[in-house]
Amino acid sequence: MKTTLYALAMLIGMSGMLRAQEYGEDSAKCRENLYIYYELAKKKQWAEAYDSWKMVYDICPQSSKNNFIYGPYIVNAKIDLAEEAKDEAALAKYRALLMDVYDARNKYYPGKEGYVFARKALDMQKQYPDSLEAIYKLFNDALELDGPEQSAAFYNYFFVTAARLFNEKIFEVNDVFQAYNVVIEGIEVNSNALNLSIAALTEKRDSNAVALNQKEQSELEKAERELDRYTKVESNIEKILGPIATCDKLNLIYNPETFAANKSDTLWLKRATKMLQKERRNEEGDFEDCTDNPIFFDISDALYKLEPSAPSARAMFVMAYRNKESSKAAQYIKEAISYEIDPIKRAADYVKLGSIYIKLGNLAAAKAAALKAAALDKSSGDAYIVLATSYAQADGTCGNNVFEKKAVYWAAIDKLNVAKSVDPSLTNKANKMINAYKQQLPDKGLSFQLGHTAGESYTIGCFINETITVSF
């Protein structure tokens, strides 16, 4: 029986992981329990695997790396059962064991310390949520060893921990901003990589009009899921940061003195422009940014000269826009678009470009920019707001009579209804615009005299080229 179990253990897929010299004094017992728990673990019967796994962990921990790969899942299953039973003694025992498993892995199987620190930090924040400083150190150690390629959950809890340290008055506000910058930069690195992968696969699919093979389709779906996770984490972090990152606090950090000390530091300049440009809710519940800080323009100019990029070009756009230099603003935001990889950020840039084109009176270009924004970000209600505005601005230019010239407002209202449907947060804004545009619709009696009746389909010409349904 022991010989059979040994043979089976050698066949359970642990190639290169078993260490014959590390079976301990009772090698037969070690091998037997190693096989038993492994078979249960493969079926994700974690709690059932505990007794055999624990025996192996106690008498021959170095026998297999699987002892530490599966260990956290097995111990977490016991923690869940102890929580259900409200067994505090068992909870304390299993929680301590869980932390010990991570430490033992680094001791017996070094080489992936950063990964182990990250996993331990995520489990510690769940099991020991008040150990804030220890958790934060583990997150930082993981980043130092493995760099920014971390999971969305890692970045979420990294920043949540920093915010809690601030609330506990252990961190200063500058420490929170430091954590925020690290997190946002990490999310950007991972999102950019995913966006490039998604773009390559979708281009292959669309340009060749041939379905992706099963492996490629699986890669595409996985990349899209991962990107969505990072996007949600970034949104969550922005909500947490909002009450902390007030303009008053930012102005204490970004001022002439700190700029003078960091004007050649591209990383500091990048972080400063991002923080000052970021829109957040103020105490009244409205959105605001902090670009009215006079030092913002010095920071933007210095960054752009040192390193033209999407963030620096956006900063220059803000500066030109505030100075009412619309042509310059359009050039800068187009430059930002050319640098940007993230489709959501590119969509937001196209919305800005469309708005500038409206100011410049180039309504056809405004429409083109808005359509690009809508294609890049399906949830961009702002793209349809720009589209509607460009249509309304065409009042008097499309057509030969009053009906034809005013029909643009039906097209504008249609786009505002789309804006509400894709982004409900714009409902109030869209409704106000709809009510205003309804006052500009063609008069029913005059329209009848010109041969137009309710329910009729009418195609608006010029750059709009939209078919609307006449409704009085």
* To do: Could you check, for region 189-206, whether at least one of its residues is in contact with a Pro (Cβ under 6 Å, 6 or more places away or on another chain) and not basic (Lys, Arg)?
  => yes
* **Extreme residue, nearest to Lys278 (Cα to Cα), among residues of region 147-197 that are among the hydrophobic types (A, V, I, L, M, F, W, C) and in contact with an Asp or Glu (Cβ under 6 Å, 6 or more places away or on another chain)** => Ile187
* Would you please list the contacts, defined by Cβ atoms under 8 Å and residues six or more apart or on different chains, that run from a residue in region 84-102 that is part of a helix (DSSP H, G or I) to a residue that is exposed (fewer than 13 other Cβ atoms within 10 Å of the Cβ)? => none
* Structure fact -> Of the residues in region 346-372, those that are over 17 Å from Ile464 (Cα atoms), in contact with a Ser or Thr (Cβ under 7 Å, 6 or more places away or on another chain) and crowded, with 21+ Cβ neighbours inside 10 Å come to Ala347, Val351, Ile356
* Structure fact -> Scanning region 200-242 for residues that are touching a residue at least 12 places away in the same chain (Cβ under 8 Å) and among the small types (Gly, Ala, Ser) gives Ala223, Gly242
* Pick out the one residue from Ala200, Ala272, Ala245 that is small (Gly, Ala, Ser) and more than 20 Å from Tyr180 (Cβ to Cβ). => Ala200
* To do: Working only within region 153-168, note down all residues that are farther than 11 Å from Leu132 by Cα and among the small types (Gly, Ala, Ser).
  => Ala153
* Taking Phe403 as meeting all but one of (1) of a type in the set (A, V, I, L, M, F, W, C); (2) under 21 Å from Tyr350 (Cα atoms); (3) in a helix (DSSP H, G or I), write down the number of the exception. => (2)
* Structure fact -> Reported set for region 61-73 where residues are under 31 Å from the mean Cα position of the chain (by Cα) and without any contact (Cβ under 8 Å) to a residue 40 or more places away in the chain is Ile69, Tyr70, Gly71, Tyr73
* Asked: Does any residue of region 129-151 turn out to be outside the structural domain of Asp51 (by TED's automatic domain parsing), part of a helix (DSSP H, G or I) and small (Gly, Ala, Ser)?
  -> yes
* Answer from Ala245, Ala272 - the residue that is closer than 22 Å to Phe159 by Cβ, part of a loop (DSSP other than H, G, I, E, B) and among the aliphatic types (A, V, I, L, M) -> Ala245
* **Output for region 425-440, where each listed residue is in contact (Cβ under 8 Å) with a residue 24 or more places away in the chain, surrounded by fewer than 16 Cβ atoms within 10 Å (Cβ to Cβ) and closer than 18 Å to Ala383 by Cβ** => Ser425
* Asked: When the residues of region 384-417 are filtered to those that are more than 20 Å from Ala365 (Cα to Cα) and out of contact with any strand residue (DSSP E or B) (no Cβ under 8 Å at 6 or more places or on another chain), which remaining residue is surrounded by the fewest Cβ atoms within 10 Å (Cβ to Cβ)?
  -> Asn400
* Asked: outside the structural domain of Ser151 (by TED's automatic domain parsing), touching a strand residue (DSSP E or B) at 6+ places or on another chain (Cβ under 7 Å) and acidic (Asp, Glu), is that true of Glu279?
  -> yes
* Structure fact -> Filtering region 367-382 down to residues that are of a type outside the set (Asp, Glu) and assigned to a helix (DSSP H, G or I) yields Lys367, Ala368, Ala369, Ala370, Leu371, Lys372, Ala373, Ala374, Ala375, Leu376, Gly381
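The values are calculated or read from the model by the stated rules, or taken from the named source; none is laboratory data. These figures come from a predicted structure and were not determined experimentally. Counting neighbours? That spans all protein chains shown, and the Cβs are built from the backbone with ideal geometry, glycine included.
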